[in-house]
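Okay, structure first, notes after.
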Amino acid sequence: MPSKMRMIGCALVLRLFFVPIAAAQAPPTPGFPPIPIDATEDQVRQGVALVRAGQKLTPKAWPNGARVAVCLSFDVDNELLWRTTPLPVPLSQGEYGATTGLPRVLDLLDRYSIPASFYIPAMSAALHPQIIQNILQRKRHEIGVHGWMHENLPTVADAAKEEQLLTQSIEYLTKATGKRPVGFRAPSWAFSQSTLDQIRKAGFLYDSSFMAMDEPYELLSNGQKTGMIELPINWIADDYPYYEPQAAGSLPDPQLVFDVYKGEFDVAYQEHSLFILTMHPHITGHRSRIAALEKLIVYMRSMQGVWFATLEQVADYVKTQEKEAKK
Ligand SMILES: [Zn+2]
């Protein structure tokens, strides 16, 4: 084949392979039109304005002169991650979170008297009513909202429906725990156009779904202060990308995952900041992985001035310090 023909042939192959793949990777989400390449600066600003980072809220000092605040958090999703394809064997991977993962996590936290925050979709608690009882028995953990059915909020694509699910979730957890939850973590960390307005209206103290900083900050919405405290998460300090999907992830060695988490903690410690780890009982609750988490806890406890707290305790403290600073 002459070289020009070969080039055309290659170009065709590239088009055939890469255009559909690229398109398949980024389907447009309802309510979020793409920002066109010829958009004006104003249009670009508008395109990113829905939720932005506002002022930093890290206090001058943590309680009792601690250098760093550490929050261990667990999203108790269990079977609901397979809601749209509920085949029996994958469902059992989620069920493991309730039968084995969570009890193991709670025992580990007991051994070191560490508090933690648990974000529970209402229907996950309904499938396993003992989850909430077992967490509450410890008397030092927090339970927060994580959707009704682990619904992906942008794809609900109906503000009234979304608000109804939020209200139901709050009511369910309030009744089951005897306390209205103050923390919100969006299922799959996904916000719709309405989510921030709705959680403000519902009176949440804090959100934990965004990634614009490593430290507490205030959420802005369309350039306006919201008063909503953000306690940020990120994919680096999350068990999911390392161990899932199919429990045979891209970095399955718990020692390597320990190294990453330790690296995140060490710099948070140097920066006198905040370290939030996001885990799932059905993922981290496995034997080799819980051992790695225990090693991390032992390491962090060996350092001077580490404040283990729930996200609620951190948000409360941040809010109090903010008020004091304004006096
Ligand atoms: Zn989740």
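Calculate, axis by axis, the spread of Cα positions in the chain along the three principal axes, and write the results as whole Å, longest axis first.
Per principal axis, max minus min of the Cα coordinates gives 74, 50, 42 Å.
If eta is 1.306 mPa s and T is 10 °C, what Stokes-Einstein diffusion coefficient results for the range 148-215, Kirkwood Rh from Cα pairs, in µm²/s?
Stokes-Einstein gives a translational diffusion coefficient of 128 µm²/s.
Could you calculate, for the range 185-308, the ratio of the Cα radius of gyration to the Kirkwood radius, expressed as Rg to Rh?
Rounded to two decimals, Rg over Rh is 1.01.
So, counting K/R as plus one and D/E as minus one, what does the shell of residues with Cβ under 10 Å around I283 add up to?
With Lys, Arg at +1 and Asp, Glu at -1, the net is -4.
Which of the chymotrypsin sites (Phe, Trp or Tyr not before Pro) found in the range 98-164 are in a DSSP loop and have at most 14 neighbouring Cβ atoms, other than their own, within 10 Å?
Y112
How many nm separate the modelled label positions at T100 and Q255, each set 7 Å beyond the Cα in the direction of the Cβ?
Between T100 and Q255, the label points sit 2.3 nm apart.
What are the extents of the Cα atoms of the range 257-320 along their three principal axes, in Å, largest first?
For the range 257-320, the Cα spread along each principal axis is 39, 24, 16 Å.
With labels modelled as points extended 7 Å from the Cα through the Cβ direction, what inter-label distance (nm, one decimal) is found for S302 paired with R200?
Output for this residue pair reads 4.6 nm.
Can you list the aspartates and glutamates whose alpha carbon sits under 19 Å from that of K327, skipping same-chain ones fewer than 8 residues off?
E218, D316
Quick one: net charge around A268, please, counting Lys, Arg +1 and Asp, Glu -1 for every other residue with C-beta under 12 Å from its C-beta.
-3
If you take the beta carbon distance between L136 and T40 as r and set R0 to 41 Å, what does 1/(1 + (r/R0)^6) give as a FRET efficiency, to the nearest 0.05?
On the way: r = 53 Å, r/R0 = 1.29.
The computed FRET efficiency comes out at 0.20.
Run the numbers for A190 and A160: contour at 0.36 nm per residue of separation, minus the present Cα-Cα distance, in nm.
Full extension of this stretch gives 9.1 nm more.
Any chance you could run the full-extension gain for T320 through R111? It's 0.36 nm times the residue separation minus the Cα-Cα distance, nm to one decimal. The partial results should precede the final answer.
Numbers: separation 209, 0.36 × 209 = 75.24 nm, distance 3.05 nm.
Full-extension gain reported as 72.2 nm.
With respect to the cross-link table entries K175/K225; K139/K323; K139/K175; K225/K319; K60/K179, which display a Cα-Cα separation exceeding 21 Å?
K175/K225; K139/K323; K60/K179
How many percent of Cα pairs in the range 27-141 exceed 23 Å?
Values: 3729 of 6555 pairs.
Counting every Cα pair in the range 27-141, those more than 23 Å apart make up 57 percent.
Quick check: net charge around R104, other residues with Cβ under 13 Å of its Cβ, Lys/Arg +1 and Asp/Glu -1?
0
Would you pull out the residues with amide H under 5 Å of A190's amide H, same chain only if 5 or more places away, H placed 1.01 Å from N?
Correct list: L153.
How much of the accessible area of the chain, in percent, comes from carbon and sulfur atoms when a 1.4 Å probe is used?
Carbon and sulfur atoms account for 57 percent of the accessible area of the chain.
Taking 2.2 N^0.38 Å as the expected size of a compact globular protein, what ratio does the Cα radius of gyration of the range 48-87 give against it, to two decimals?
Normalised Cα radius of gyration, the range 48-87: 2.08.
Given only helices, namely DSSP H runs of n ≥ 4 each adding -39500 (n - 2.57), what is the per-residue ellipticity at 222 nm of the chain, to the nearest 500 deg cm²/dmol? Don't skip to the answer; put the middle values down first.
Working: 14 runs with 150 residues, N = 327.
Taken over the chain, the calculation gives -14000 deg cm²/dmol.
Could you work out how far the C-alpha centroid of the range 249-280 sits from that of the range 147-161, in angstrom?
About 30 Å separates the Cα centre of the range 249-280 from the one of the range 147-161.
From Cα pairs below 8 angstrom and at least 6 apart in sequence, can you work out the relative contact order of the range 34-127, rounded to a whole percent?
Dividing the mean separation by the residue count of the range 34-127 yields 31 percent.
Given the convex hull over the Cα atoms of the range 84-153, what projected area results after averaging over all orientations, in nm²?
Averaged projected hull area, Cα only: 5.0 nm².
Multiplying the sequence separation of T174 and T84 by 0.36 nm and subtracting their Cα-Cα distance, what value in nm do you get?
Stretched out fully, the T174 to T84 stretch lengthens by 29.7 nm.
Give me the accessible area per residue for the chain, probe 1.4 Å, as a whole number in Å².
51 Å²
Using the Cα centre as the reference, give the magnitude of the dipole from point charges on the C-beta atoms of the chain (Lys, Arg: +1; Asp, Glu: -1; all else neutral), rounded to the nearest 20 debye.
320 debye
The values are calculated or read from the model by the stated rules, or taken from the named source; none is laboratory data. Since the structure is predicted, the reported quantities are computational estimates derived from the model, not experimental observations. As a convention, Cβ positions derive from the backbone with ideal geometry for all residues, glycine included, and neighbour counts pool all protein chains shown. Ligands, DNA and RNA are excluded from the accessible area calculation, which covers all protein heavy atoms including side chains. Shrake-Rupley method; radii C 1.70, N 1.55, O 1.52, S 1.80 Å.
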